[in-house]
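A short worksheet on the structure shown next.
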Amino acid sequence: MKLVDSVDEQALLEDMLDVSKPPVPAACQHLHYLQYTPFRYTARHATRFREKGDRRGVYYASEKVETCATEVAFYRVLFYLESPDTSPSPRPFEMTAFRTQVGGASADITTFDDVGPYVDPTNYTAPHALAAQVREAEGQIIRFPSVRDKGGVNLAVLTCAAFKSGIGETQGWWFRFGEHGLFATQRFGEGRLEFPFTMFADDPRIIIP
């Protein structure tokens, strides 16, 4: 919007930019862009259920907004640790949470006798092998314990066919760095969350002064 003078010009600019992006997979084109984006791009680095270079997308979500917020806080801390010359802004940053429904054949790691190999902070060998098995069996969702929010549950959605709704209820959240961690407050709501740096200390990439 800072580059244009009208909504028509903004729409034109958005269309021009969209042409330069990878095509949206045919099976995902009916979805909102926030849902299909993870399936549009090749993985630049490995994630828990997706190997580097894999063109097949994975959409990560949480069953509760608190778990999602914890994941956001962790990765924001990791970003600044990996970019030591970049200082966090003293101003808060805003994130928007939204609700959507998914369903389909799934694997539920939370029921496994030993979940350890699947929640290692940095070793994704077991999750990658499981994702390959689930895809081969035409599964659509992997349910797994959150590594950051103890007791929280995340979902790895492997196909666009798993989405059963569009974008539903949304919530705005303000995150801000403090001396000892991050804290978040819900816009137009009563949500209050705090994320001390020490809660991420079991990840070898996180350095606690």
| Between S165 and A201, what is the label-to-label distance in nm when each label sits 7 Å out along the Cα-to-Cβ direction? | 4.0
| Over the chain, what is the relative contact order in whole percent, taking alpha-carbon pairs under 8 Å and six or more residues apart? | 22
| Taking the convex hull of the alpha carbon atoms in the range 119-188, what volume per residue do you get, in Å³? | 134
| Separation of the S83 and L3 label points, Cα + 7 Å toward Cβ, nm | 1.9
| note | Scaled by the rule-of-thumb 2.2 N^0.38 Å, the alpha carbon Rg for the range 25-200 gives a ratio of 1.06
| note | Once E94 and A26 are pulled to full extension, the length gained, defined as 0.36 nm per residue separation minus their Cα-Cα distance, is 21.3 nm
| request: Could you work out the mean projected area of the convex hull around the alpha carbons of the range 53-98, in square nanometres to one decimal? | output: 4.9
| For q = 0.23, 0.24, 0.25 Å⁻¹, what log10 I(q)/I(0) does the range 8-108 give under the Debye formula with an equal point scatterer on each alpha carbon and no solvent? | -1.37, -1.36, -1.36
| remark: Listing V72, V7 by rising number of other beta-carbon atoms within 10 angstrom, fewest first, gives V7, V72
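Values quoted throughout were computed directly from the atomic coordinates according to the rules given, and no laboratory measurement underlies them. All figures in this text were calculated on a predicted structure; none of them were measured in a lab. All Cβ positions, glycine included, derive from the backbone under ideal geometry; neighbour counts span all protein chains shown.
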